[in-house]
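> Pasting a structure below so you can have a look.
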Amino acid sequence: MSSDAITKPRTETKPKVARPPLHKVILVNDDFTPRDFVVRVLKAEFRITADQAYRIMITAHTKGSCVVAVFIQEIAETKAKRATEMARNEGYPLLFTTEPED
């Protein structure tokens with residue numbers, strides 16, 4: 001019993017799902033917000049260690065700004081807003097912004 005049928009492997013075409021664009025959360029330096037408060041906000045909102053928070057704060061202090069973390073846009077904007085509001089609630093001008101990652 002011979003079969004002349006050629007069996008082709010099934011090829012499923014899976015649609016490629018585009019990854020959502022990433023956004024950076026940026027800490028902007030100011031000369032009024034106490035360093036220990038900046039570290040506290042970074043630890044609370046971004047769930048990082050005191051050492052990581054201190055290094056981010058010092059980098060922003062010396063360079064004017066520093067990338068804190070990278071998230072999808074919605075999360076980045078929410079975290080930046082919440083961190084900025086924490087500072088405003090204490091009367092500090094501390095600012096977190098977001099921008100698209102290159």
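Computed from the coordinates by the stated procedures, all read-outs in this text should not be read as laboratory data. All values derive from a computational prediction rather than experimental measurement. Cβ: placed from backbone, ideal geometry, glycine included. Neighbour counts: every protein chain shown.
> Report, in deg cm²/dmol and to the nearest 500, the calculated mean residue ellipticity at 222 nm for the chain, where each DSSP H run with n ≥ 4 adds -39500 (n - 2.57) and the sum is divided by the residue count. Let's see the in-between values first.
Values: 3 runs with 43 residues, N = 102.
The per-residue figure over the chain is -13500 deg cm²/dmol.
> Next question, about the same structure. Size of the dipole of the chain about the Cα centre, Lys and Arg at +1 and Asp and Glu at -1 on the beta carbon, nothing else charged, in debye to 20? Show your work: numbers first, answer last.
Working: 16 positive and 14 negative charges, 66 e Å.
About 320 debye.
> If you average the sequence gap of Cα pairs under 8 Å that are 6 or more apart and divide by the length of the chain, what percent do you get for the contact order? If you can, show how the numbers build up before the last one.
Working: 138 pairs, mean separation 41.0, N = 102.
Rounded, it is 40 percent for the chain.
> Now for a separate question. Which cross-chain or sequence-distant (5 or more) residues have an amide H under 5 Å from the amide H of Leu22, H modelled 1.01 Å from N in plane?
Glu101
> Subtract the Cα-Cα distance of Glu101 and Asp51 from 0.36 nm times their separation in residues, and report this length gain in nm to one decimal.
15.5 nm
> Using the C-alpha atoms of the range 22-100, what convex hull volume per residue, in cubic angstrom, is computed? Don't jump to the answer; show the numbers that get you there.
Values: hull volume 5.5 nm³, N = 79.
Measuring per residue, one finds 70 Å³ for the Cα hull of the range 22-100.
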